[in-house]
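To keep things clear, I will list the structure first and then write my remarks on it.
The values are calculated or read from the model by the stated rules, or taken from the named source; none is laboratory data. As the structure is a computational prediction, the values presented were derived from the model and not from experiment. Positions of Cβ are backbone-derived with ideal geometry, glycine not excepted, and every protein chain shown enters the neighbour counts.
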Amino acid sequence: MSLFSVAKPFAASTPQTAQSKVRYALRTKNLAPKAHRTNSKQKTPLSSFIEHDVLFLRQHGVKHAKWHLTAPLRPSSRVKLSYGATVPAAELIGRRILDVVRDSAGNSVVLHEPSLASYIINSERLATPIYPNDASTIVNLLDLNPSRPGEDDQDDSGPPFEIFEAGTGHGSLTLHIARALHAANPPLPAPLRRTLISAPYKPHYDFTASRGCLEVSLEDQSAFDAYASSRRAILHTLDHNTKHARAAYKLVRNFRRAQYLPAVDFHVGSIDDFLGHRLEQTGGQPFLSRAILDLPSAHENAELVIKALHPNGLLILFKPSISQIADFQAWSTETKQPVRTEKVIELYATTASEGGVHDSSGGRHWDVKTVVPRAQQGEEGNKKPVQVMRPRVGERVAGGGFLAVLRRWPVSEEPAQDALGEAETEE
Ligand SMILES: C[S@@+](CC[C@H](N)C(=O)[O-])C[C@H]1O[C@@H](n2cnc3c(N)ncnc32)[C@H](O)[C@@H]1O
């Protein structure tokens with residue numbers, strides 16, 4: 001057997017115990033021969049991996065199994081794994097999800113596709129990301145209900161739904177929001193999507209326009225620009241650090257072959273410059289429906305953000321500590337900002353197993369399994385399986401922080417009230 005061919009099923013001896021029957025069934029299911037599992041006539045919901053896909057590989061080494069997030073697959077590249085082993089990307093292209101190959105050291109490697117959470121957690125980082133389940137909570141609080149093109153006359157004929165986010169950082173929240181906006185925008189024509197995935201980066205791109213960082217023909221560039229102006233939902237994400245913005249652009253571009261990239265415009269620079277320029281263009285009229293600030297000095301940058309928000313628009317702050325939320329609240333009251341604090345929420349730290357591979361989405365990980373007790377394992381005869389149900393211990397704790405959700409109020413009305421609109425005094 002070649003080192004890189006599909007692994008054969010384990011030795012097919014007849015299983016004796018209930019536990020070994022289960023194991024046997026799982027093994028034969030996962031490791032059935034390729035010819036059986038990839039028969040083109042067979043209807044299956046599992047699609048094949050293609051060039052530019054990012055895979056999540058489970059390498060079964062001698063001691064432990066390890067997870068690896070690949071770079072986008074290119075036929076000429078090799079994927080580096082643990083234990084000094086590699087696997088050629090060409091061996092992975094054309095395989096199906098849950099297929100098994102052998103790496104250069106003979107270990108079996110199972111092919112998975114990354115979830116959004118495992119993709120974020122396992123990608124290289126320059127900035128600390130908002131943890132996936134916290135990002136999902138923020139997306140929920142943003143209360144996004146995009147209609148699909150052609151579904152709602154008002155939405156179709158009105159201005160686009162614009163969201164502003166600063167700082168971009170790792171791009172975790174950017175990607176979560178872009179996914180939530182996806183349905184609002186018209187489909188990107190397939191040839192343009194291919195260009196978006198495959199075009200090389202310009203050697204020196206400055207990010208003044210997010211579509212200006214790829215080396216594309218003038219014809220493609222004008223097609224991208226035409227598509228961009230047809231969008232009905234846009235996420236503007238801004239960071240003052242160019243390296244962070246570039247890394248986040250790559251993160252969004254490489255996830256599911258740039259599926260969510262078209263909804264995002266990346267910007268580098270100062271919040272005031274960007275929003276000031278836009279407000280000049282709109283004659284001072286608000287144009288944002290939502291805004292999110294995840295930066296150390298939110299209140300130093302919030303005045304124009306609030307000005308650019310439509311009445312009833314939402315501003316969300318993400319802060320590591322409650323006192324930072326209190327500082328913002330004090331600033332907003334003192335400077336009579338036209339916003340009302342609707343709620344302040346603590347995000348609980350969550351557990352994450354195996355380096356964050358199986359994100360718990362904010363819940364607590366439990367072990368639920370059927371095993372033969374160790375005391376009976378060496379014994380002949382009656383090996384009765386028992387069920388284990390217990391919270392997992394020793395898990396990595398991740399995420400957490402505080403959110404404030406503020407609603408933009410019309411300027412003519414007095415906003416310095418609590419979330420219910422009633423002035424409150426402490427006893
Ligand atoms: C913690 S990271 C944001 C993480 C991001 N929300 C995510 O989910 O990956 C904070 C980012 O804010 C940027 N930043 C800090 N102050 C800024 C400012 N005044 N204007 C623009 N970006 C700023 C930093 O460069 C950094 O990339």
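Quick grid of which residues meet (1) within 27 Å of Pro286 (Cβ to Cβ); (2) β-branched (Val, Ile, Thr); (3) within 14 Å of the chain's Cα centre (by Cα):
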position: Thr128; (1), (2), (3): no, yes, yes
position: Pro132; (1), (2), (3): no, no, yes
position: Ala135; (1), (2), (3): yes, no, yes
position: Leu142; (1), (2), (3): yes, no, no
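Quick one: in the stretch 264-307, which of the residues that are assigned to a loop (DSSP other than H, G, I, E, B) and either away from the ligand (no atom under 12 Å from the Cβ) or acidic (Asp, Glu) (or both) is nearest to Thr128 (Cα to Cα)? Among those that are assigned to a loop (DSSP other than H, G, I, E, B) and either away from the ligand (no atom under 12 Å from the Cβ) or acidic (Asp, Glu) (or both), it is Asp294.
Filtered by the rule that a residue be in contact with a helix residue (DSSP H, G or I) (Cβ under 7 Å, 6 or more places away or on another chain), farther than 22 Å from Leu275 by Cβ and at pLDDT 95 or above, the stretch 140-175 gives His170, Ser172, Leu175.
Taking the stretch 107-138, which residues are away from the ligand (no atom under 12 Å from the Cβ), assigned to a loop (DSSP other than H, G, I, E, B) and polar (S, T, N, Q)? Within the stretch 107-138, Asn107, Ser115 meet the criteria. Can you name the residue in the stretch 80-106 that is of a type in the set (Ser, Thr, Tyr) and free of Cβ contacts under 8 Å to residues at least 60 places away in the same chain and is also nearest to the ligand (Cβ to nearest atom) among such residues? Only one residue fits best here, namely Ser82.
For the stretch 153-169, check the following and say yes or no: at least one residue is more than 16 Å from the ligand (Cβ to nearest atom), buried (at least 20 other Cβ atoms within 10 Å of the Cβ), in contact (Cβ under 8 Å) with a residue 60 or more places away in the chain and in the same structural domain as Phe318 (by TED's automatic domain parsing). Yes, because at least one residue in the stretch 153-169 is more than 16 Å from the ligand (Cβ to nearest atom), buried (at least 20 other Cβ atoms within 10 Å of the Cβ), in contact (Cβ under 8 Å) with a residue 60 or more places away in the chain and in the same structural domain as Phe318 (by TED's automatic domain parsing). Of everything in the stretch 53-66 that is closer than 17 Å to Arg102 by Cβ and either of a type outside the set (A, V, I, L, M, F, W, C) or at pLDDT below 95 (or both), the residue that is surrounded by the fewest Cβ atoms within 10 Å (Cβ to Cβ) is Val62.
Tell me, please, whether a residue that is surrounded by 18 or more Cβ atoms within 10 Å (Cβ to Cβ), modelled with pLDDT under 95 and over 30 Å from His176 (Cβ atoms) can be found in the stretch 6-17. Scanning the stretch 6-17 turns up at least one residue that is surrounded by 18 or more Cβ atoms within 10 Å (Cβ to Cβ), modelled with pLDDT under 95 and over 30 Å from His176 (Cβ atoms). Do we have Arg232 as out of contact with any Pro (no Cβ under 6 Å at 6 or more places or on another chain), among the basic types (Lys, Arg) and farther than 26 Å from Thr70 by Cβ here? Answer is no for this residue.
Answer yes or no: is there a residue in the stretch 175-197 that is in contact with a His (Cβ under 6 Å, 6 or more places away or on another chain) and either more than 26 Å from Arg246 (Cα to Cα) or aliphatic (A, V, I, L, M) (or both). Yes, some residue in the stretch 175-197 is in contact with a His (Cβ under 6 Å, 6 or more places away or on another chain) and either more than 26 Å from Arg246 (Cα to Cα) or aliphatic (A, V, I, L, M) (or both).
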